[in-house]
């Protein structure tokens, strides 16, 4: 740890000498400050950062407890995990604070774990602080070429308003003893459901795994995939989603409970698969099955895969609201979460197993070695192409139409 601390200090001081990255002025605020990073470190010391983050995983909660200890010890910043179940509720709170006239330092949220439609809403409504991501010293290691979703969130440019934290891609997993032939597309999944009625399902939208399932089906059946990258319109929804609804109409009668009921979330679906009630489950973390095998909640014969032509992939981020009281502290937290030591720990299957946003090949040798690990049972062995998310505006439109058609 001491070796990293010295290296991190040198990196931070070196970054202060380099010309800062000046981003364009956005509606959210002014051009990011060009003052040296050490000034930010000094301003952050003694601050408490209220980090509003999903708390549905014991592993994630434990990881944030570890991060809190490191931040307090190294930077004098107290990280307070405000445990939430839905980032949309935090967006509503920040919006209400702005409508009530809260000033730029009078908010209740310093940092939020966010992506997708919630980020798009905060960007649209000017609820975010000034661009900051590219001014973080550790942003230099982010893989913006091989992982372009680190700069584009559900087809919405991030413009430096959020800092990447981890990668996600739709991944399926199943026990090879019960399902030796793995479906490689939505149409193959439909064929499997027909041959094994009642053994396939997906979480109920708007739970995000369920919404991702229907977005995957949308991408595979849309008449013009490029249209999905544009803001949704009634005409576009009618034209591009018509094949999706035909696909789901064909699929649902063969699902668990005839498609009349759906699991509430991916954890419930995973348990149903573990119990043998279902043939497969899905996740947005390619390492989830390996995590579950390591804790003996899944059989060692479970394997993970992605469709041959690709599955939906995205990046999740952290962002700073416009009225965060501890903006300097929030930047220090975001920078630490991008550090090689924090990213490597997060990627460790024994800790969390969340894929890194960094370009590991460009890291110094000592930091590169942090990411080396043996392949574990259940771990994804061959990645498929990551398909871009539809524009964030498609989420609400799809969920409402799905509920109208199948939600009763």
Placing one equal point scatterer on each C-alpha of the stretch 100-215 and summing with Debye, one gets log10 I(q)/I(0) at q = 0.15, 0.16 Å⁻¹ equal to -0.85, -0.90
Here the gain from full extension of residue 268 to residue 108, 0.36 nm per residue of separation minus their alpha-carbon distance, amounts to 54.3 nm
Computed over the chain: longest principal axis from alpha-carbon atoms vs helix 2-17 long axis, angle to nearest 10 degrees, is 70 degrees
Label model pair residue 308, residue 403: point-to-point distance (7 angstrom along the Cα→beta-carbon line) in nm is 3.8 nm
Using the Kirkwood radius over Cα pairs of the stretch 47-172, the Stokes-Einstein translational diffusion coefficient at 25 °C and 0.890 mPa s, in µm²/s and rounded to a whole number, is 154 µm²/s
PRE zone check, label point 7 Å out along Cα-to-Cβ of residue 297, amide N under 15 Å, scope the stretch 317-356, hits 349-354
For residue 275 and residue 66, extending 7 Å from Cα along the Cα-Cβ vector and measuring point to point gives, in nm, a value of 3.2 nm
Cα-only Rg/Rh for the stretch 246-401 with Kirkwood Rh rounds to 1.02
Given 379-391, 307-319, 281-293, the highest-first ranking by average Cβ count within 10 Å works out to 281-293, 307-319, 379-391
Per the helix-only model, the chain has a calculated mean residue ellipticity at 222 nm (DSSP H runs of ≥4, -39500 (n - 2.57) each, divided over all residues, rounded to the nearest 500) of -12000 deg cm²/dmol
Extension length gain for residue 246 and residue 383 (0.36 nm per residue less Cα distance), in nm, is 46.4 nm
At R0 = 35 Å the Cβ-Cβ FRET efficiency linking residue 83 and residue 365, nearest 0.05, sits at 0.40
Of the stretch 76-110, those with amide N under 17 Å from the point 7 Å along the Cα→Cβ vector of residue 351 are 79
Expressed to two decimals, the stretch 240-329 has a Cα Rg over Rh, using the Kirkwood radius, of 1.11
Footprinting proxy, 275, 39: sorted fewest to most Cβ within 10 Å, the residues are 275, 39
Taking Cα atoms only, Rg over Rh for the stretch 196-242 with Rh from the Kirkwood formula is 1.06
Once both label points are put 7 Å beyond Cα along the C-beta direction, the residue 372-residue 260 separation in nm becomes 5.7 nm
As a Kirkwood estimate from alpha-carbon pairs, the stretch 195-302 has a hydrodynamic radius in angstrom of 15.2 Å
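Readers should treat all values here as calculations from the given coordinates under stated rules, not as data from a laboratory. Model, not experiment: these values are computed from the prediction. Note that each Cβ is placed from the backbone with ideal geometry, even for glycine, and that neighbours are counted across all protein chains shown.
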